[in-house]
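Participant: Would you mind keeping the following structure in view while I ask a few things?
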Amino acid sequence: MGADLDGSPIIAVLTGDIIDSTALGGERLALARRSLASAVQAFETRYSGALLAAPEFFRGDAWQLALSRPELSLRLSLLLSARLRSELDVRTRVAIGLGSADGMTGLSSTSIGESFQLSGRALDAMTGYYTLAVDLPERAGATREWVRLCINLCSRLTQTWTRRQAEIVAVALMTSPPNHAAIAASLTPKVAKQTVTKALDGAHWHWLLDAVKTFETADWSVIL
């Protein structure tokens with residue numbers, strides 16, 4: 001966990017909701033919640049210790065979680081979007097708040113503070129054009145707008161995913177390095193390497209991966 005200039009830990013809070021949840025019905029909404037929780041659990045297994053607060057659900061279709069490693073927030077956001085799209089043909093909005101951990105209690109439902117406020121406000125401000133958003137404290141200066149732009153562009157790229165593309169993107173996000181042959185062999189049923197390459201090209205994977213790598217190599221403790 002990084003720390004800001006005042007020594008406060010920097011965390012990421014992800015707040016989201018299921019799009020068009022009223023049209024899903026209770027059973028499919030419950031499946032969507034289980035799919036999201038399962039994806040987070042798999043992520044925590046892959047990135048041990050990254051999860052600061054497990055996902056909690058509110059009002060049926062809304063959810064929130066916290067990460068102790070802010071650099072992983074974009075990867076997890078994309079994973080959640082990909083898993084829900086591929087498994088259930090369901091979409092979720094995700095708003096990332098990057099800020100201090102002040103007010104963190106261990107549960108999203110009882111936590112307050114900068115990162116939670118930023119995440120909630122980013123979700124509230126999201127228009128129908130976007131499914132991903134981010135906000136940083138004003139002290140981040142010009143970087144704040146550059147990061148927002150990066151996530152806005154990622155949002156647009158994810159909206160063209162087919163279910164098959166989303167399935168393969170989800171696997172690629174959890175495969176390090178994202179070798180196409182290894183991804184093809186891990187799918188059920190297995191597919192040709194060329195199938196994976198074509199799907200990832202169609203899903204704009206190379207551009208999304210560049211954004212993920214940039215996020216993960218950034219020193220958020222200095223930026224914030």
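Participant: How high is the relative contact order of the stretch 128-210, in percent, counting Cα pairs under 8 Å that sit 6 or more residues apart?
Facilitator: Values: 68 pairs, mean separation 22.4, N = 83.
Worked out over the stretch 128-210, it gives 27 percent.
Participant: Ok, one more. At 30 angstrom or more along the helix axis (alpha-carbon based) and mean Kyte-Doolittle of -0.5 or higher, what helices does the chain contain? Whole DSSP H runs only.
Facilitator: Qualifying helices: 25-46.
Participant: From the gyration tensor of the Cα coordinates in the stretch 11-64, what semi-axes in whole Å does the equivalent ellipsoid have, largest first, with each one equal to sqrt(5λ)?
Facilitator: Numbers: eigenvalues 104, 30, 10 Å².
Square roots of five times the eigenvalues give 23, 12, 7 Å.
Participant: Still on this structure, please answer the following. Quick one: give the max-minus-min coordinate of the C-alpha atoms of the stretch 84-216 along each principal axis, largest first, in Å.
Facilitator: 48, 31, 29
Participant: Then there is this: Between the stretch 1-75 and the stretch 152-213, what is the separation of their alpha carbon centroids in Å?
Facilitator: So the two Cα centres are separated by 21 Å.
Participant: Under the Kirkwood approximation applied to all pairs of distinct alpha-carbon atoms, what is the hydrodynamic radius of the stretch 1-107 in Å?
Facilitator: Details: mean 1/r = 0.0708 Å⁻¹.
Every distinct Cα pair counted, the radius reaches 14.1 Å.
Participant: Next question. Any aspartates and glutamates with Cα under 19 Å of the Lys190 Cα? List them, leaving off those in the same chain fewer than 8 positions away.
Facilitator: Candidates past the 8-residue exclusion: Glu87, Glu167, Asp201.
Participant: Taking the Cα atoms of the chain alone, what are Rg (to one decimal) and Dmax (as a whole number) in Å?
Facilitator: 16.7, 51
Participant: Using Cα pairs under 8 angstrom and six or more residues apart, how large is the relative contact order of the stretch 99-156, in percent? If you can, show how the numbers build up before the last one.
Facilitator: Values: 55 pairs, mean separation 15.6, N = 58.
RCO, the stretch 99-156: 27 percent.
Participant: What percent does the relative contact order of the stretch 1-160 come to when contacts are Cα pairs within less than 8 Å and at least six residues apart?
Facilitator: Working: 281 pairs, mean separation 40.2, N = 160.
Result for the stretch 1-160 is 25 percent.
Participant: If you don't mind, another one. For the chain, modelled as a Gaussian network with Cα springs under 10 Å, which listed residue fluctuates most, Phe116, Phe58, Phe43?
Facilitator: Phe58
Participant: Hey, another quick one. Relative to the present Cα-Cα distance, how much length would full extension add between Ala142 and Leu157 at 0.36 nm per residue of separation? Numbers along the way, then the final one.
Facilitator: On the way: separation 15, 0.36 × 15 = 5.40 nm, distance 2.35 nm.
Between Ala142 and Leu157, full extension yields an extra 3.0 nm.
Participant: If you build a Gaussian network model of the chain, linking Cα atoms that sit under 10 Å apart, which residue out of Ser68, Ser119, Ser81 swings the most?
Facilitator: Taking springs between Cα atoms under 10 Å, the residue moving most is Ser68.
Participant: For Glu145, Glu167, what's the largest-to-smallest order of accessible area, 1.4 Å probe?
Facilitator: Glu145, Glu167
The values are calculated or read from the model by the stated rules, or taken from the named source; none is laboratory data. Since this is a predicted model, take the numbers as computed values, not measurements. We work out accessible area using only protein heavy atoms, side chains counted, and drop any ligands, DNA or RNA first. Shrake-Rupley method; radii C 1.70, N 1.55, O 1.52, S 1.80 Å.
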